[in-house]
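Student: What follows is a structure written as structure tokens; I'll ask about it next.
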Amino acid sequence: MLCTPILSTTHTHIFSLSQIRVKPDHSGVVTDGVKHSMNPFCEIAVEEAVKLKEKKLIKEVVAVSCGPTQVQETIRTALAMGADRGIHVEVSGKDYETLGPLQVSKIMAALAKKEEAQLVILGKQAIDDDCNQTGQMTAALLDWPQGTFASEVAIEGDKMKVVREIDGGLETIQISMPAVITADLRLNTPRYATLPNIMKAKKKKIANVKPADLGVDLTSRIQILSVNDPPQRQAGVKVETVDDLVAKLKETGRI
Amino acid sequence: MSLFLVLQIMPVIDVENLTDLEKAKMEVEQLKKEVKLERAVVSKCCTEFMEHVQGLVEEDTLVKGIAEDKNPFKELKGGCVWRMRRTEAVAVDMALLERTFRLHLTANRSLFKATAVCIKRQLSEKASSKIKDASSSEASDHILYSPEHFALKETLKKIVDQEINPHVDKWEEEGMFPAHKVFKILGNAGFLGVNKPVEYGGLGLDFSYSVAVAEELGNINCGGVPMAIGVQTDMATPALARFGSAELKREFLLPSIMGDKVACLGVSEVGAGSDVASIKTKAVRKGDELVINGGKMWTTSGTQADWMCLLANTSDGPPHKSKSLICLPMNSPGIHIARKIDKMGMRSSDTAEVFFDDVRVPCQNIIGQEGMGFTYQMLQFQEERLWGVANILTMMDKVIQETVGYTRQRKIFNMPVLYHQAVHFRLAELQTEVELLRSLLYRATGMYIKGQDVTKLASMAKLKAGRLAREVGDSCLQYWGGMGFTSDVLVSRFYRDARLMSIGAGADEVMLGIICKYMDTMPRK
């Protein structure tokens, strides 16, 4: 039976799915006043971590998020779901705008070493940038095995059995701990935080850490050149027969 | 060899020649020290009490008239801390003042006053900063809700958005929603027993939390589902929670709060709606069983329910003293669900007509005292009515907002419909009345949780809600034009669903009668 802490990242503090508008200077999307919430895949990751703790397979769940002060709300949500304590890695302003998977994975690697974690669980990707890189990079930096797109996770002794969702179907692998897991959609259904848990979460601790304290350099290797709206959908044309359709397609040069 | 004696030089106070002023200054210094110590002790007591209070979760707050200091959740908002700090500030204040007066009045009075005022200001500043600590940024101005209320609403909103709203259109078409499934999800998250006792799975909070839940359920895109939830939480179960025996509560209340059993309310009959006292269903005692004959009408969730909270005549006597509330399992032999009623609105809620043909039920299933059924039912009407008002207010807000959105983009005569003065002025009138009704709701709820009788205000609120909902529905539907007349939009569903508000749970005329009774304008005998 393992009694070890696990880190669970709720790094992705994403925009709620309402009106997204591109900034006038095309450097990104407008984030002021937009409600942020936890990335759905990260919710699944937190739920899995809490489930493992309830099965007494791990000792402690630590929720981590990187960003400005607002991410503390996201960490509180994770605490209300059952995490024991939180770590808020302060990143704000220009650094936050250029914060990408490479920087986050460096932070996660540093924290995992510092906290002596045995398991790092992340969401498979953030739904705002769809990068799907952080988990993999973290594993590489730590030189740990990884089980990505997990739809089932089981701890057996000091090894983990992970069922992964891949293009051809499902793949089952066995990896040794410590390891990195990224959660896919079908891993579990996240619980709703009940009021008593929300109130308990208020008393749980969230530690503040700066990237510099962890020895992490946040400079980005990527520069965003421009962000543009997808083209407006044009009206379609109706045709009567298949021949008409072929003719029309030829006409507009599509075939 | 000389002996060096190191003498500690002490400032020699020439006591005889001290002026009164200096004496006074010294006494004030001394008092300040004592005040500090006293405050420290009181603060420690305050903090310990607060911790104790916050640890307390097992108090039944349902019985009205319960002493305020025994209700843990009322204090949790920090009101307790604030009150304690204030009391402490005043108490120490008084002590300080008292002692200064005992000093020589020939001394520099302004010095004392200044010192006293300084300390008083310090204390009151401390007190006011504690008030600020007690209320957080977003909720600091709300007249009724604390951050806990908002946290509750947020979780419920997630459930409504993810588990309920995506399916509402389908359920409206099918004429039923899966009550067991939905109630289980709500029960797991703790929303079916917000003001029910903790030992039966509830949260043990006061009625203001139920109102918060009711408001949030108004975000559901139909009236039927919230109505069924309201029956489960605030119509079929309050009397049981308050007056039922422990066995009854274990069998019926606990699973209802957990979401495992669906409850329905059997009060109205074919021949008796507003005139509840004239119901005819009888429950005759035979041995230690009750034999029930009769029928019930307008039973929300009747086709899916596991048990019914039944009001029946258990004796012959004056109509207000002859009825009892009985917990009736719906799978008992002799119960016939005659039909599912096809209604104009509230279509996602199944409404049943039920018949009882020699249905047998143990006598222990009577809730509380025999003959008190009518009174018990009346007691929960205030909650039922305020709940309905909270629910429909959110829906009215939504309809008005959607109408603004639609009329902004819909053009007639070369400009948006919204830009025509008649339209935006009318919407402003409607929104004004919605806010007025909301204020009445919060006022009545605030008084109710302090233990006051709000029958008059609750009846007024329900009366206004029913009538305002009809106005909002009618006016907004008009501005939607032809689109409003289709089934594809929310406003037409609201028009149909909200019409029930003036009829069910106490018709407008009954509300008017109650208000007149309180105004003493009813014809005198």
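Student: Order of B:L186, B:L440, B:L310 from fewest to most other C-beta atoms within 10 Å? Display every interim value, and only then the final one.
Tutor: Details: B:L186 25, B:L440 18, B:L310 30.
Listing B:L186, B:L440, B:L310 from fewest to most nearby Cβ atoms yields B:L440, B:L186, B:L310.
Student: Let me ask something else about it. Calculate the length of the line joining the C-alpha centroid of the stretch A:69-88 to that of the stretch B:233-261, in whole Å.
Tutor: 35
Student: Same structure again: Divide, for chain A, the radius of gyration over alpha carbons by 2.2 N^0.38 Å, where N is the residue count.
Tutor: Values: Rg = 21.3 Å, N = 255, 2.2 N^0.38 = 18.1 Å.
Normalised by 2.2 N^0.38 Å, the Cα Rg of chain A equals 1.18.
Student: For the stretch B:239-303, what mean projected area does the convex hull of the alpha carbons give, in nm²? Mind showing how you got there, number by number?
Tutor: Working: hull surface 22.6 nm².
Its average projected convex-hull area is 5.7 nm².
Student: With a ≥ b ≥ c taken as the square roots of the eigenvalues of the C-alpha gyration tensor of the stretch B:298-413, please select rounded if a/c is under 1.5 and otherwise prolate if a/b is larger than b/c or oblate if it is not? Please report the intermediate quantities before stating the final value.
Tutor: Working: a/c = 3.77, a/b = 2.05, b/c = 1.84.
Taking the square roots of the gyration eigenvalues as a ≥ b ≥ c, the stretch B:298-413 is prolate.
Student: Each label point is 7 Å from the Cα along the Cα-to-Cβ direction; what then is the distance between the points at A:I166 and B:A246, in nm?
Tutor: Those two pseudo-labels are separated by 5.9 nm.
Student: Once the other residues with Cβ under 11 Å from the Cβ of A:L99 are scored (Lys, Arg +1; Asp, Glu -1), what is the net sum? Before the final figure, lay out each step's value.
Tutor: Details: positive: A:K94, A:K106; negative: A:D95, A:E97, A:D129.
Net charge in that neighbourhood comes out at -1.
Student: So in chain A, what percent of DSSP beta bridges are antiparallel if you round to the nearest 5? Spell out each step's value before the answer.
Tutor: Details: 18 of 44 bridges.
That works out to approximately 40 percent antiparallel.
Student: If you don't mind, there's one more thing I want to ask. If you count, for each residue, the other Cβ atoms within 10 Å and average over each peptide, how do A:123-129, B:292-298, A:24-30, B:161-167 line up from highest to lowest? Intermediate values should be presented prior to the final figure.
Tutor: Numbers: A:123-129: 19.9, B:292-298: 21.7, A:24-30: 11.3, B:161-167: 14.9.
Ranked from most to least packed, the peptides come out as B:292-298, A:123-129, B:161-167, A:24-30.
Student: Averaging sequence separations of C-alpha pairs under 8 Å and six or more residues apart, then dividing by the length of the stretch B:362-482, give the relative contact order as a whole percent.
Tutor: Details: 81 pairs, mean separation 44.5, N = 121.
Relative contact order of the stretch B:362-482: 37 percent.
Student: Over 25 Å between Cα atoms, which of B:K157/B:K411; A:K55/A:K204; A:K202/B:K158 qualify? Don't skip to the end; give the middle numbers.
Tutor: Values: B:K157/B:K411 33 Å; A:K55/A:K204 21 Å; A:K202/B:K158 20 Å.
Over 25 Å Cα-Cα: B:K157/B:K411.
Student: Which net charge results when you count Lys and Arg as +1 and Asp and Glu as -1 among the other residues whose beta-carbon is under 11 Å from that of B:I143? Display every interim value, and only then the final one.
Tutor: On the way: positive: B:R438, B:R443; negative: B:D141.
That sum, taken over residues with Cβ under 11 Å, equals +1.
Student: Sticking with this one: With the Cα gyration tensor of the stretch B:351-466 giving a ≥ b ≥ c as the square roots of its eigenvalues, does the rule (a/c under 1.5 for rounded; else a/b larger than b/c for prolate; else oblate) give rounded, prolate or oblate?
Tutor: Numbers: a/c = 4.85, a/b = 2.12, b/c = 2.29.
Oblate.
Student: Considering amide H positions built from the backbone, and no H for Pro or chain starts, which residues 5 or more places from A:E60, or on another chain, come under 5 Å of its amide H?
Tutor: Amide H to amide H, under 5 Å and 5 or more residues apart or across chains, A:E60 pairs with A:T4, A:I6.
Student: Label B:Q421 and B:A272 with points 7 Å out from Cα along Cα→Cβ: what is the distance between them in nm?
Tutor: 5.6
Student: What are the equivalent ellipsoid semi-axes of the stretch B:327-382, built from the alpha-carbon gyration tensor (square roots of five times its eigenvalues), in whole angstrom, biggest first? Can you show the working numbers first?
Tutor: On the way: eigenvalues 127, 78, 13 Å².
Each semi-axis is the square root of five times an eigenvalue, giving 25, 20, 8 Å.
Student: How high is the FRET efficiency between B:T486 and B:M519 when r is their beta carbon distance and R₀ equals 41 Å, given to the nearest 0.05? Walk me through the numbers before you get to the answer.
Tutor: On the way: r = 44 Å, r/R0 = 1.06.
With R0 = 41 Å, the Cβ-Cβ based efficiency is 0.40.
Student: Tell me whether the stretch A:92-188 comes out rounded, prolate or oblate; compute the Cα gyration tensor, take square roots of the eigenvalues as a ≥ b ≥ c, and use a/c under 1.5 as the rounded threshold. Display every interim value, and only then the final one.
Tutor: Working: a/c = 2.55, a/b = 1.36, b/c = 1.87.
Note, shape of the stretch A:92-188 comes out oblate.
Student: To continue, here is another question. Considering every residue in A:197-209, what mean count of other chain Cβ atoms within 10 Å of its Cβ is obtained? Present the calculation step by step, with values, prior to reporting the outcome.
Tutor: Numbers: counts 4, 6, 6, 0, 1, 4, 1, 0, 0, 0, 0, 0, 0.
Partner-chain Cβ atoms within 10 Å, mean over residues of A:197-209: 2.
Student: For Cα pairs less than 8 Å apart in space and 6+ apart in sequence, what is the mean separation divided by the residue count of chain A, i.e. the relative contact order in percent? Can you show the working numbers first?
Tutor: Working: 500 pairs, mean separation 60.1, N = 255.
With pairs under 8 Å counted, the relative contact order is 24 percent.
Student: For a Förster distance of 45 Å, can you work out the FRET efficiency between the beta-carbons of B:H336 and B:L144, rounded to the nearest 0.05? Please list the in-between numbers first.
Tutor: Numbers: r = 44 Å, r/R0 = 0.99.
Efficiency at R0 = 45 Å is approximately 0.50.
Student: Here is a follow-up. What whole-number distance in Å separates the alpha-carbon centres of the stretch B:305-339 and the stretch A:160-223?
Tutor: Spelled out, the Cα-based centre of one part sits 53 Å from the other.
Student: Among the lysines, select those whose C-alpha is under 18 Å from the C-alpha of B:K196, and discard any that sit fewer than 8 residues away in the same chain.
Tutor: Partners within reach: B:K64, B:K70, B:K74, B:K153, B:K184, B:K249, B:K261, B:K450.
Student: How large is the helix-only mean residue ellipticity at 222 nm for chain A, computed as the sum of -39500 (n - 2.57) over DSSP H runs with n ≥ 4, divided by its residue count, in deg cm²/dmol to the nearest 500? Each step should come with its number before you reach the end.
Tutor: Numbers: 7 runs with 71 residues, N = 255.
Per the formula, -8000 deg cm²/dmol.
Student: Mind checking the full-extension length gain between B:Q30 and B:T432? Use 0.36 nm per residue of separation minus the Cα-Cα distance, one decimal, nm. Write down the numbers at each step before the final one.
Tutor: Working: separation 402, 0.36 × 402 = 144.72 nm, distance 5.88 nm.
Once the chain is fully extended between B:Q30 and B:T432, it gains 138.8 nm.
Every number in this text was worked out from the coordinates using simple rules, so none of it is lab data. Given the structure is predicted, the values throughout are model-derived calculations rather than measurements. Virtual Cβ from ideal backbone geometry, glycine too; neighbours counted across all protein chains shown.
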